[in-house]
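Below you'll find the structure, written out as structure tokens, and then a few comments.
Any read-out appearing in this document is the output of simple, stated calculations on the displayed coordinates, not a laboratory observation. In this text, all values refer to a predicted model and were calculated from it rather than measured experimentally. Because the Cβ atoms are built from the backbone with ideal geometry, glycine has one as well, and the counts that use them run over all protein chains shown.
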Amino acid sequence: MPRGKEGPGWSEYVLPALRPTRAMAERELGFIVERAVANFLREHSPEYRRKDITGILIDEEPLGGGLVNYMVKVAFTEVVGEQV
Amino acid sequence: MSEIREYHTMFPDISSSTLEVIRHTVTERGLWRVGKEEGFDLIRDMYEKISSVYGFPTPSLIEDTYEYYFISGERIGLPKVSLVSSLHEYRHHMQKKGRLRFEDVEVDARGWSISAFHYALPEDFDSAWSKGRIWYLPPYSGG
């Protein structure tokens, strides 16, 4: 899986996929988010867990030929309570 | 590099109109007192008003498993009603429209959202910080 960049409290994952049809776009977005979360947990568990994910930023880059790269930043910190 | 910073003072110049929209949403309309469905409607309304301040299209908001911003779709997902989280994701929308002060988009979004809360509602901000209810801030130091 191509690795993206790193920053303070975030890790980026580059996820290649077929560009979804309009009808499938929402479902595809859900899959992409879950793939990014799975990558995050593989890298950062047990220090950080699913509850420590504070936000996800999803960008996409068309590759041609019906393919797209999703660049997904997963932000995290040690979450001990809900944010106001 | 640590993700813990003094985010609440990074944007001391947020427009007074934006701060007033935030104050109104919380104190007059009761963002923290209403149920989830009404809270989401209040956030949508807040997004519409802040967007009109900056002349941006309003992003859509849905309830979802994670907190996110989908850049090309201009869509925000939130799992629950949270002022700071909703402002954080809105800042990513502003970044798409060219508003970026700090090179790191996450640092920029944390700074803008936490500063907005701090300057709009300073007493509520202090109270929330002292209870550890704002992510990414250092331990409460008394304001």
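Can you pull out the residues in region B:97-112 that are of a type outside the set (A, V, I, L, M, F, W, C), in contact with a Gly (Cβ under 9 Å, 6 or more places away or on another chain) and farther than 14 Å from B:Asp13 by Cβ?
Within region B:97-112, the subset of a type outside the set (A, V, I, L, M, F, W, C) is B:97-99, B:101, B:103-104, B:106, B:108, B:110-111.
Cutting the leftovers down to in contact with a Gly (Cβ under 9 Å, 6 or more places away or on another chain) gives us B:97, B:101, B:104, B:106, B:110.
Selection gives B:Lys97, B:Asp104, B:Glu106, B:Arg110.
Can you give me the ranges of the strands (runs of 3 or more DSSP E) entirely in chain A with at least 1 residues that are in contact (Cβ under 8 Å) with a residue 40 or more places away in the chain, of a type in the set (A, V, I, L, M) and touching a Ser or Thr at 6+ places or on another chain (Cβ under 8 Å)?
Working: elements: A:3-7, A:10-18, A:53-64, A:67-76.
By residue number, A:67-76.
Can you find a residue in region B:29-45 that is touching a Lys or Arg at 6+ places or on another chain (Cβ under 8 Å) and closer than 28 Å to A:Glu61 by Cβ?
The answer is no; no qualifying residue exists.
Yes or no: region B:75-85 includes at least one residue that is within 21 Å of B:Gly55 (Cβ to Cβ) and surrounded by fewer than 22 Cβ atoms within 10 Å (Cβ to Cβ).
The answer is yes; a qualifying residue exists.
Scan region A:12-33 for residues that are among the hydroxyl-bearing types (Ser, Thr, Tyr) and out of contact with any helix residue (DSSP H, G or I) (no Cβ under 6 Å at 6 or more places or on another chain) and report the count.
Qualifying residue count, region A:12-33: 1.
May I ask you to list the residues in region B:89-106 that are within 11 Å of chain A (Cβ to nearest Cβ), in contact with a helix residue (DSSP H, G or I) (Cβ under 7 Å, 6 or more places away or on another chain) and part of a helix (DSSP H, G or I)?
Those that are within 11 Å of chain A (Cβ to nearest Cβ), in contact with a helix residue (DSSP H, G or I) (Cβ under 7 Å, 6 or more places away or on another chain) and part of a helix (DSSP H, G or I): B:Arg91, B:His92, B:Gln95, B:Val105.
Mind listing whichever residues of region A:1-49 are among the aliphatic types (A, V, I, L, M) and under 15 Å from the mean Cα position of the chain (by Cα)?
A:Met1, A:Val14, A:Leu15, A:Ala17, A:Leu29, A:Ile32, A:Val33, A:Ala36, A:Val37, A:Ala38, A:Leu41
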